[in-house]
Amino acid sequence: MCCKGPCIKRMETLLQQLTHGNALFLILVLGLGGSFQAGFHITGLSSPSPYIQRFINSSWHDRYEEPPQPQTVTMIWSLIVSMFAVGGLLGAVSVKFISGLLGRKKAVICNSFITVLAAGFMLASKNVNSFEMIIVARFLFGYSAGLGMNTHLIYLGEISPRKTRGIVTLTSATFTSLGKVSGQMFGLTEILGREDTWNILLCVPALFSFVQIVVLPFFPETPRYLLIEKGDDKACKKALQSLWGQGDYQQEMDEMLTEQAAIEAAPPVSLLQLLRDRTVRWQLITISTIYCCNQLSGMSTVSTFSYDIFLEAGIPKKKIRYITLGLGVAEILTSLTCGLLIELTGRRPLLFGGYGVMSACWIFVTVTLNLKDSSYWVPYITVSLMVVFIMFFCGGPGGATPTLNSELFIQSNRMASLVLTGLQRWFMFAVMGLVFPFLIDALSSYLFLLFACVCMLGSLYTFFLLPETKGKTLLEISEEFKAITVCGKSFAEETRTETRL
């Protein structure tokens, strides 16, 4: 009870700050036009997948007057899936250039125009009988998602005072989960998950982008951008008052200048400089391994190809969309409780324990898929295992991984590490989207043993090599990484040898 009072008081103070100005409304507009879009497109393609593949067949037949080979349909479908990630990769790379060139607000508005353009291609594809337009639309949607997720985070970080920055930026993950559930919900047959409306389903996020185009010009540019980039302290103060209510805000403006001075004293390193720095080599190997294990664990395929997976499991077609919606709800509920688990147990147990249970789930899924015809209830065991898998991913590696970047790297290294993990995330997503349809055709249920091996690798690595970061300073964490030795050698010793030479 002793800590409950301050927690409630802090929450009440935050709610008062959000409602005194326009900040709450701006957070909603940014979220629906930002990370919500990426979440929607990750799951939104699962429900209409059989309709799109039939459209590819009919479009090819009308054009060449012969049915396409099954491998051709699979290749085109793989391109449709993976082009979203290819666009996302390019969007994530271009965020620094575009946000610096246009400013934060104009960059977000420009990104919304790209989403609307992509929706135009998607809507027209069915009328002109062109699957190529679907590929173009998916690429543009992906570019918009990659650019939008990053500009969304930048905007949130720069509109919020230091004391509320953490909880405000956390809304980005909330809108991503909301987008995933919305993609599954709109994909229900009763809403837009039908053969005559699948192209409209994939354009739903563009409605929120259009709203953002109309509404966002009435909001101010980010206060930090106005003060640091433009040097306009009056406009900065006016923006803070518009967002957070009337006040002096001199302390907040001084903190922005202090933070900027600290950044200039230790300027951010480039990605190449970070990769060459032997003092953070174990940190780089660790965060790269964890991000790769996350992307190759099977979670992204469950989100994107859930219809195909449950069809393979023997679930009746009419029930699949409701089951995927239930998976989305389980993901949101687990994500909301993960914050409490992180501070209670620490990061390391969530990582190696989560990966271990996920590996076991995939092994049992392989068994149940091979026994699906033995009884009517076996496919529902597969569904239960999927739910357990999602809960341990969201409550384990999926929830603990985002905190590692700020805990493993100093301020000057964080931007480069974010770029590295962003490139890995989108690249792995593109690879999985391209090869998964071929793998499931070739390996059938035994494909999930590959995911089990990746999860087991993540569990073993984090158990034996990842130090606990809970309650430790960056210096303490760095010293633990320096103490890691493989075959009696460490990167720290190599660095000292090079220095002496």
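The values are calculated or read from the model by the stated rules, or taken from the named source; none is laboratory data. Just so it is clear, the structure is predicted and the values come from calculations on it, not from any experiment. Positions of Cβ are backbone-derived with ideal geometry, glycine not excepted, and every protein chain shown enters the neighbour counts. Heads up: the accessible areas ignore ligands, DNA and RNA and are worked out on the full protein's heavy atoms, side chains in. Shrake-Rupley method; radii C 1.70, N 1.55, O 1.52, S 1.80 Å.
At-a-glance table
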item: Residues of segment 221-288: accessible area per residue with a 1.4 Å probe, Å²; result: 54
item: Karplus (6.51, -1.76, 1.60) ³J(HN,Hα), θ = phi - 60°, over segment 215-231, in Hz, Gly and Pro reported as x; result: 8, 4, x, 7, 9, x, 5, 5, x, 5, 4, 5, 7, 7, 7, 9, x
item: Tail weight of P(r) past 41 Å, computed on alpha-carbon pairs of the chain, percent; result: 23
item: Carbon + sulfur, % of accessible area of the chain - ligands and nucleic acids excluded, 1.4 Å; result: 67
item: For peptides 462-468, 425-431, sequence by mean Cβ density within 10 Å, most packed first; result: 425-431, 462-468
item: Segment 267-500: C-alpha gyration tensor shape, a/c 1.5 cut-off, then a/b vs b/c; result: prolate
item: Residue-averaged 222 nm ellipticity for the chain, from DSSP H runs of 4+ at -39500 (n - 2.57), nearest 500; result: -25500 deg cm²/dmol
item: Segment Lys96-Cys453, extension gain: residue separation times 0.36 nm, minus the distance between their alpha carbons; result: 124.9 nm
item: Charge context of Leu447, other residues only, Cβ under 14 angstrom, K/R +1, D/E -1; result: -3
item: Ranked by how many other beta carbons lie within 10 Å on average, peptides 284-291, 35-42 from highest; result: 35-42, 284-291
item: Rg to Rh quotient for segment 78-132, alpha carbon positions, Kirkwood Rh; result: 1.07
item: When each of Lys96/Lys234; Lys96/Lys237; Lys180/Lys318; Lys230/Lys470 is checked by Cα-Cα distance, pairs over 27 Å; result: Lys230/Lys470
